[in-house]
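Presented below is the structure to which this report refers.
The values are calculated or read from the model by the stated rules, or taken from the named source; none is laboratory data. The model shown is predicted, which means the values in this text are computed figures rather than measured ones. For neighbour counting, all protein chains shown are included, and Cβ atoms are generated from backbone atoms with ideal geometry for every residue, glycine included. Just the protein is used for accessible areas: all its heavy atoms, side chains included, with ligands, DNA and RNA removed. Shrake-Rupley method; radii C 1.70, N 1.55, O 1.52, S 1.80 Å.
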Amino acid sequence: ATVYPDVQSQNMDDATLKPLFFTIKFASTLPKHLIEQNIPIKISVSIAEEYGCFAMPFVKAMSMLPAIDQCIECVPSHDEILIPFFPLPSMFDYRNRSDWEKLSKEIEKWLVQLDTKLPQWMWGRDAFWLAFIAVFPFFPRGTWPLWNPHIPLEGAFIEQWLE
């Protein structure tokens with residue numbers, strides 16, 4: 001597939017390509033004897049030759065958390081904690097930074113009201129960092145607003161991001 005990232009102007013002479021986020025989901029099933037093995041997946045990214053001297057793509061692989069991958073389990077029953085931002089609205093545009101920013105703020109507001117001992121809190125913390133990074137993809141470099149101090153810089157997603 002060929003994709004066309006958005007361009008972000010730096011100044012009158014320079015611009016950068018905005019980062020792209022991809023999700024790769026495997027729809028098939030594996031025989032049980034293969035589950036314990038590391039299965040190699042080859043992913044190639046290239047940029048048109050005429051742009052190669054200006055921009056070099058790089059790939060950073062991170063496993064998605066099982067809780068995020070199995071979102072259907074997050075739909076609450078009447079006696080569970082409501083997750084007001086889930087499912088995402090049909091108008092949510094994953095390419096639109098302001099949609100991610102709004103989602104990040106909604107998750108933050110919901111998360112700080114939750115008991116940190118609940119499993120939903122850990123899931124929400126990781127969902128918050130995922131949305132936050134979508135808004136500020138160069139984090140921890142660059143500038144970003146302070147987030148609520150009750151949300152620690154912890155969790156599988158953000159720890160892998162910071163490596």
Solvent-accessible area, 1.4 Å probe, carbon plus sulfur percent, for the chain: 58
Separation of alpha-carbon centers, region 1-15 and region 86-138, rounded to whole Å: 26
Could you sort K18, K25 by their accessible area in this structure, using a 1.4 Å probe and putting the largest first? K25, K18
Can you give the charge dipole size of the chain about its Cα centre, rounded to the nearest 20 debye, using +1 on the beta carbon of Lys and Arg and -1 on the beta carbon of Asp and Glu? 100
Highest-fluctuation residue, W123, W144, W100 considered, GNM on the chain with Cα pairs under 10 Å: W144
